[in-house]
1. Output the number of the condition that Glu15 fails; it satisfies all remaining conditions of (1) acidic (Asp, Glu); (2) at pLDDT below 95; (3) crowded, with 17+ Cβ neighbours inside 10 Å.
2. Do we have any residue at all in the stretch 42-57 that's assigned to a strand (DSSP E or B) and either acidic (Asp, Glu) or at pLDDT below 95 (or both)?
3. Can you name the condition, by its number, that Gln34 falls short on among (1) part of a strand (DSSP E or B); (2) more than 14 Å from Gln120 (Cα to Cα); (3) at pLDDT below 95?
4. Might you check whether a residue that is more than 17 Å from Pro119 (Cα to Cα) and under 14 Å from the mean Cα position of the chain (by Cα) occurs anywhere in the stretch 64-74?
5. Taking Gln34 as the residue in question, decide whether it is more than 23 Å from Pro103 (Cβ to Cβ) and either surrounded by fewer than 20 Cβ atoms within 10 Å (Cβ to Cβ) or not charged (D, E, K, R) (or both).
6. Pairs please, first residue from the stretch 42-63 and crowded, with 23+ Cβ neighbours inside 10 Å, second anywhere and of a type in the set (Val, Ile, Thr) and in a loop (DSSP other than H, G, I, E, B), Cβ atoms under 9 Å, 6+ apart in sequence or on different chains.
Amino acid sequence: MNEVQELIAGAETPEVATVKKDGRAGFVPFWVVQAGDSLYARSHFGADGRWYQQATRHAATRLRIGDQVVNVAVEPVGSAERAAIDAAYRAKYDRGENARHVPAMLTDEVVATTVRLTPQEPVTI
């Protein structure tokens with residue numbers, strides 16, 4: 001893993017770019033996990049999630065981690081590698097306040113929205 005992947009994987013709750021219902025661009029929090037050498041995310045709202053719809057339509061999005069913005073390629077993977085990705089969600093988020101949201105991230109509807117995130121250059125600060 002390179003430095004940018006480690007930054008993303010280590011972030012508790014990075015933010016993903018979206019266009020909100022009112023048309024304004026912004027970022028919303030979401031969860032990213034590392035399984036093997038890859039980074040993955042799922043839409044908590046399933047296929048109805050705005051960030052998910054926009055990112056998969058364009059095969060790309062932006063993530064914000066603190067004051068850094070990272071461009072990422074987005075590749076739908078669905079239930080491929082499900083066991084490893086489910087385990088990564090449990091390992092990273094199944095504690096404290098986040099624990100109550102983990103079961104929703106493991107449902108078939110949400111698993112179907114699993115995407116692989118591949119950082120692209122440049123990273124902006």
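The values are calculated or read from the model by the stated rules, or taken from the named source; none is laboratory data. Not measured: the values here are computed from a predicted model. Because the Cβ atoms are built from the backbone with ideal geometry, glycine has one as well, and the counts that use them run over all protein chains shown.
1. Just one mismatch for Glu15, condition (2).
2. Taking the stretch 42-57 and keeping what is assigned to a strand (DSSP E or B), we get none.
So far as the stretch 42-57 goes, no, none of its residues is assigned to a strand (DSSP E or B) and either acidic (Asp, Glu) or at pLDDT below 95 (or both).
3. Just one mismatch for Gln34, condition (3).
4. In the first step, residues of the stretch 64-74 are kept if they are more than 17 Å from Pro119 (Cα to Cα); the result is none.
No, the stretch 64-74 contains no residue that is more than 17 Å from Pro119 (Cα to Cα) and under 14 Å from the mean Cα position of the chain (by Cα).
5. On the way: more than 23 Å from Pro103 (Cβ to Cβ): no; either surrounded by fewer than 20 Cβ atoms within 10 Å (Cβ to Cβ) or not charged (D, E, K, R) (or both): yes.
In short, no.
6. Qualifying pairs under 9 Å: Arg42/Thr113; Arg42/Thr114; Ser43/Thr113; Ser43/Thr114; Tyr52/Thr113.
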